[in-house]
Amino acid sequence: MSARPALLLAACALAAPAPAAAPPRVLDKATFFQMESVAGPQISPDGSRVVFARGFVDVNRDQNQSNLWLVEWSGDRLRQLSDGAWRDTGPAWSPDGKRLAFVSNRSGSNQVHVMWVDTRETLQLTRVEHEPANLRWSPDGKQVAFTMRLPDEKPVLPVKLPKTPKGAQLAKGATVVDRTSWGRDGVGPIAPGYVHVFTVDAVAGGTPRQVTRGDYDHGAFDWSLDGRTLFVSGIRKPDAEYLRDDSEIYAVDVATSEAKALTDRSGPDTNPLVSPDGRHVAYTGFDQKDFTNHVGSLYVMDAAGGSRRLLAGGLPSTPAQLAWAADGSGVHYSMQEKGVQNQYFAPLRDGAAPRAITTGSHVLSQVSIARNGRAVGVRSTVERPGMLVAFDLAKPAERRELLDVNADVLDGLRLAGAEELWFTARDGVRAQGWLMKPADFDPAKKYPLVLWIHGGPWSMYSVGWNWAWQNFAANGYAVLWTNPRGSTGYGQDFVNGIQHSYPGGDYDDLMAGVDAALARGFVDEKNLFVCGGSGGGVLTAWIVGHTDRFRAAVSMRPVTNWHSFVGTTDGNAWYRQFRKFPWEDPMEYAVRSPLHHVGKVTTPTMVMTGEADLRTPMSQSEEYYRALKMLRKADTLLVRMPEEFHGWRRPSHQLLQQLYLLAWFEKYRTPESRAAIPARDHAASPGAAEP
């Protein structure tokens, strides 16, 4: 080749544009079914091994499943103990560390099983009709105690039809109801009944023996050291069922079921935990003051119910996951505060103040502690899903990661971080929130914002992982989540900020949070969106009746009419929000109902609820949707998720919620915003987001 053609080729090569760089990989919708989870880690009594449930999505069955896994505390020898398309949960070590009790549906229904860890031999202990939970071994390892709900089959009003011909095909009989509650935590229909404690032989299995009795629920419990007594929390009904939180701790004789009340105040006492020497019982509770939500405290008493005293009070939130120190010197507990969750210790000696054991901007939960002070837990941050971690109580800062089950899914993905915000409402109340930037953030651009409101309303958003928020960030959205007044984690006074006024000042906090996000400079004020579920659905419907600053909204599982809600919900928490019954003061219920303000709504508002929801029944969404349709002032859609309760069970429905949110918001984004920042997971054709 002559020199001239070679020079021409070189010049052309220099002039040719470089190939475009591949766009960064982000958390798209395909990752949803790939994500795994770690739950219920339990460290063996000697601190050498850790068992946990590893969760995954069984796409073929459209179900969340989990198997048991084991790892050394050192991080070595990760191995699978159970394998199958079923759900193994709640593992509990036997006192000698050789066996595991757990609940599994491998037989077709949830039953108590025991596994010999070294050989993986498994025995099914129970064949009960109803679901067992909360497994605890007796100190000698011969029995496993658990709770189970028994239906109340006593006829309320006995009637008997006359004799009919043999083989007559009569209609199904009527259901007679005489209680205000007919669901369990809003997640499934159950027959009226009561929770009781049972024991079963840990070797031979067989028919469980009922220990507690009576027409009231028994919840958390613990064994005495000699195995002859169960310390049980019990809530009496119907007095406590309807208007008050009120429960006591009982000492129940395992052999005779004879029960003796150890506490006697107005207010709930629960979560009894026996000290290593058997002399004391730690528990949580509060004095009933008829607040909308009470922040509990940590107490201790002797095993006979005497010398009751406060160990930790005036806390940001109710202590949880109690665990005695091995030497009986105090009680470890987990606590949420200002968007994080850490481990604390309350000394038993008089005058000693509680202290933090762990620190950090994370959510450290499900902590399990061995006799030698070794501990494990699940740690989550904004940018990392729950991972299994280990630490020593004597050196908590030297925390080690044992297993990150999502490292493979997230490898190479660009995830979004979050900035902490503090802001002040117009009445001077300060609140906290976090602002997540889009994954492909460019400071020269303006981005749409999703305000996502938590439910409860007595709960706390945190710095923990949230797939939905990361997915919105992957699609070019900024995400704002906040803890308005009424949230937990900030003390009793902050919780009381919505006492008899919900919705109310929490609306001002949310709007102050949006203003704070706008002040950061990269949020497009012409493309603001809002959504929330349950209590967040209430506030979403309330917001669009009080401002038009949002381009679109999605109210999920909301209460829109407090008056009709009273007679249709399975829960009784509504009464705390009002001073009187609706028939005594209907206007108080009206002015706090989003439906009362629906005539002012101009924001396109979609409503989404499960068809079998018992906590916020579908009728609440139907009332609001129908009103918007009749008024014809705002676009609306009603999304009905089939066979779903208040907590959606099917993974495909959980993902569909996200896709419908994104599709609705994309529909109402300004054309300029959609052109500048296209959403990766948005279906271009109408209806393409549907299955």
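Before moving on, here are some points about what is shown:
- Listed residue (Ser107, Ala92, Cys531) projecting farthest to the positive dipole end of the chain, Cβ model: Cys531
- Virtual spin-label span in nm between Arg640 and Glu420, 7 Å along Cα→Cβ: 4.6
- Positive-end ranking of Ala516, Leu157, Ala251 along the dipole of the chain, with charges on Cβ about the Cα centre, is headed by Ala516.
- Restriction of the trypsin sites (Lys or Arg not before Pro) in region 435-541 to DSSP coil positions whose beta-carbon has at most 16 other beta-carbons within 10 angstrom yields Lys445, Arg520.
- Neighbour-limited loop hits for trypsin sites (Lys or Arg not before Pro), region 561-629 (at most 14 other Cβ within 10 Å; DSSP other than H, G, I, E, B): Arg579, Lys580
- Between the alpha-carbon centres of region 372-395 and region 408-431 there is a gap of 22 Å.
- Rounded, prolate or oblate (a/c below 1.5 giving rounded, otherwise prolate when a/b exceeds b/c) for region 616-673 by Cα gyration tensor: oblate
- What you get for the chain, charging only the Cβ of Lys and Arg (+1) and of Asp and Glu (-1), is a dipole of about 1000 debye around the Cα centre.
- Ordering Leu661, Tyr589, Pro617 by Cα displacement along the dipole of region 414-676 toward the positive end leaves Leu661 in first place; charges were set at the Cβ atoms of Lys, Arg (+1) and Asp, Glu (-1).
- Shown here is the pair-distance distribution of region 586-626: with all Cα-Cα distances grouped in 5 Å bins from zero up to the longest one, the shares run 5, 20, 26, 24, 18, 8 percent.
- Measuring against 22 Å, Cα to Cα, the residue pairs Lys445/Lys600; Lys98/Lys395; Lys29/Lys437; Lys154/Lys580; Lys580/Lys600; Lys526/Lys667 contain Lys445/Lys600; Lys98/Lys395; Lys154/Lys580; Lys580/Lys600 as the ones spanning a longer distance.
- Shape of region 272-350, Cα gyration tensor, a/c cut at 1.5: oblate
- Overall form of region 211-314 per C-alpha gyration tensor (a/c, 1.5; a/b vs b/c): oblate
- Given +1 at the Cβ of Lys and Arg, -1 at the Cβ of Asp and Glu and no other charges, the dipole of region 302-453 around its Cα centre is 340 debye to the nearest 20.
- Arg680-Asp515 FRET efficiency (beta carbon distance; Förster radius 30 Å; 0.05 resolution): 0.55
- Cα principal axis extents for region 569-683, largest first, Å: 54, 34, 23
- Over the chain: helical MRE at 222 nm, DSSP H runs n ≥ 4 each giving -39500 (n - 2.57), nearest 500: -4500 deg cm²/dmol
- Potential lengthening between Asp277 and Lys600 on full extension [0.36 nm per residue; Cα-Cα distance subtracted]: 109.9 nm
- P(r) weight above 17 Å for region 25-120, C-alpha pairs, percent: 52
- Alpha-carbon gyration tensor eigenvalues x 5, square-rooted, for region 414-676, Å: 28, 21, 17
- Over all pairs of different C-alpha atoms in the chain, the reciprocal of the mean inverse distance, the Kirkwood hydrodynamic radius, equals 27.6 Å.
- Dipole magnitude of region 414-676 about its Cα centre (Cβ charges: Lys, Arg +1; Asp, Glu -1), debye to nearest 20: 420
- Between region 582-634 and region 277-345, the C-alpha centres lie 40 angstrom from each other.
- Within the chain, the longest run free of GluC sites (Glu not before Pro) that sit in a DSSP loop with at most 15 other Cβ atoms within 10 Å is 384-583.
FYI, it's all coordinate maths here, none of it is from the lab. Bear in mind that the values here come from a model prediction, so they are computed numbers and not experimental data. Neighbour counts are summed over all protein chains in view; Cβ atoms, including those assigned to glycine, are modelled from backbone coordinates with ideal geometry.
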